Amino acid sequence: MAEMGKGVSAGKIASNVQKKLTRAQEKVLQKLGKADETKDEQFEQCVQNFNKQLTEGSKLQKDLRTYLASVKAMHEASKKLTECLQEIYEPDWPGREETNKIAENNDLLWTDYHQKLVDQALLTMDTYLGQFPDIKSRIAKRGRKLVDYDSARHHFESLQSAKKKDETKIAKAEEELLKSQKVFEEMNVDLQEELPSLWNSRVGFYVNTFQSIAGLEENFHKEMSKLHQNLNDVMKTLETQEGKPSTNTFTVKAQPRKKENLFSRLRLKRSSDSSPAKANKTPSSPPDGPPAASTEPKTTNHDSAEPAAAASSLVDTPSVVVSKSPSQPSEPAPDTTPKKEAEVKPVAADSDQSSSLPAVVAETITATVNGTVESAPPKSMPPGFLYKVRAQHDYGATDSDELNLKSGDIVLVTQFDNPEEQDDGWLMGIKETDWLQNKDFDQHKGVFPENFTERHQ
């Protein structure tokens, strides 16, 4: 029996080796163009779709596993955060039991979410991809049987076309041809039915998978938002401490400023700008080329009877002139006839002054109507306006260039005249109440800590 088993095994091995040699020879002849190859374009398209579907499914499975790993990592991080809250929550603080319950529910919610993702998405994904290896193996086997069929067909045709025909060999070759053809066609028919069906199934599978993920995530965030709201309520209770505000207990500190007083630097700059060397510079000697548009105020000669003009528009618009400060008496316009152009007074080219002086110009639009002068309302926002913020905490200024804030104050944030003057964590602006009262921007602007405020619509 052992010898018979060895004989059968050896014979089977020899047969397999012979098949491999025959297939290799047939493929070489087909590549060289010496033997024709049976083609099925419809089946080849099905195979391309199969490979594409396998690639997409494998990527989806990989990304889903990455998503689950991220959910698990978030679970661990959230758990540590709630544990930290429980540790720092002192026994005499109100809401201690509520925080412990919230932490417990938080952990349960994350665990349930992760497990449902595994059951309803990942396991379904694994089952879906589990059918691909078998079909892929059958496709490869079908390809080998096709080579066997072509080889048997070519062998039979060569025997029939030989000058000296051997009927015995022809009959045997025909038998091998029919046998290989039958095996190939059986496999081919089965795959021709399964591959299109598998390809069409992808739509429903993807829909179900992403619907499951979206539904689980939606429910998770709904429940988690309830826990967050509960925690927020507990924190509010702790903040009030039975109706007594605890602003003196839990203070918010401003980020320390690294630079010296901003306004003191401005005063130093102005004092240096008023030195005799710079005082000799007059507007009668402008720099080469057209004057640069600037939002900075220029120093006006108080003895001059002609007001300084700011460039606003050069196309048939009323002239725009710079008004003097409140301490200077307004002077009558020397000419009441309408002007087509705006007269521009050049500003002395002083790079130091342009980088430090505040960009504030009070503009008054004048129009001559029947010999009278009418003034337009001031701008609705200060120069360099960016956005509004609302003070969340009181802040007492510790320097002359800082703003005093009360909780609820609205501040109009503006750009710094020189970006290098800005300290990290500090903003420049003016309180909205001061601006609406038409007070001077230069006198009422100031810096304030950003972390005492929040963005206001």
All but one of (1) over 24 Å from K62 (Cβ atoms); (2) open to solvent by less than 60 Å² (accessible area, probe 1.4 Å) hold for K169; state the number of the condition that does not hold.
(2)
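Report yes if V234 is aliphatic (A, V, I, L, M) and closer than 30 Å to Q115 by Cα, otherwise no.
yes
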List, please: which pairs have Cβ atoms under 7 Å, are six or more places apart or on different chains, and start with a residue in segment 416-442 that is part of a loop (DSSP other than H, G, I, E, B) and end with one that is acidic (D, E) and modelled with pLDDT of 85 or more?
G425/E450
Against the definition (open to solvent by less than 60 Å² (accessible area, probe 1.4 Å), at pLDDT 95 or above, touching an Asp or Glu at 6+ places or on another chain (Cβ under 8 Å) and assigned to a helix (DSSP H, G or I)), how does L109 come out, yes or no?
yes
Look through K101, K72 and report the one residue that is in a helix (DSSP H, G or I), open to solvent by 90 Å² or more (accessible area, probe 1.4 Å), in contact (Cβ under 8 Å) with a residue 40 or more places away in the chain and more than 25 Å from N200 (Cα to Cα).
K72
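The values are calculated or read from the model by the stated rules, or taken from the named source; none is laboratory data. These figures come from a predicted structure and were not determined experimentally. Note that we place each Cβ from the backbone using ideal geometry, even for glycine, and neighbour counts take in every protein chain shown. Quick note on the areas: whole protein, heavy atoms, side chains included, nothing else; ligands and nucleic acids left out. Shrake-Rupley method; radii C 1.70, N 1.55, O 1.52, S 1.80 Å.
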